[in-house]
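Okay, so here's the structure we're looking at.
Just so you know, all these numbers are worked out from the coordinates, no wet-lab data involved. Please read all numbers here as calculations on a predicted model, not as lab measurements. Every residue, glycine among them, receives a Cβ derived from its backbone with ideal geometry; neighbour counts consider all protein chains shown.
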Amino acid sequence: MLFSAARAALTCAATPLGGGADAAGSAAEGVGLCFASALGHRFCECFETYDMLVPRGALSFEWGWNLLMSIRRGDELGIARCDECSVCYVFDLLSLPRSACPACRVVEDRAEVALSLATVQA
């Protein structure tokens, strides 16, 4: 918990989160800083959980923070839920057409590999 608080303080000090309007539309700087601090703290807790669950994860703290900020801005990346498997995934808002669900693609790829192995063995 102390580690999360320290990271949140460093993150909020190093990024321009508190200035201007926050997500609730408040223009008061004090409210913006409180929101930024809470956001940073929640992100740190989430990243610590990720770090415990994925021992050698490819996502660093900084990349995770930049990913979160990009999704929050909503101009490059978005979050979608697959209608078939209900998995949530990050996608590029600017790509046309939108790519298929990564989880469904993995299942399809495995099915194709299994089919080709069965054909080769027969």
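Using a Förster radius of 35 Å, what is the FRET efficiency between residue 70 and residue 120 based on their Cβ-Cβ separation? Nearest 0.05, please.
My answer for the efficiency is 0.25.
Would you pull out the residues with amide H under 5 Å of residue 77's amide H, same chain only if 5 or more places away, H placed 1.01 Å from N?
Amide H neighbours of residue 77, under 5 Å, 5+ apart: 93.
Mind putting a number on the dipole of the stretch 75-122 about its Cα centre? Charges go on the C-beta only, +1 for Lys and Arg and -1 for Asp and Glu, and I need it in Debye to the nearest 20.
160 debye
Please report the net charge: other residues with Cβ closer than 15 Å to the Cβ of residue 98, K and R +1, D and E -1.
Local net charge: -2.
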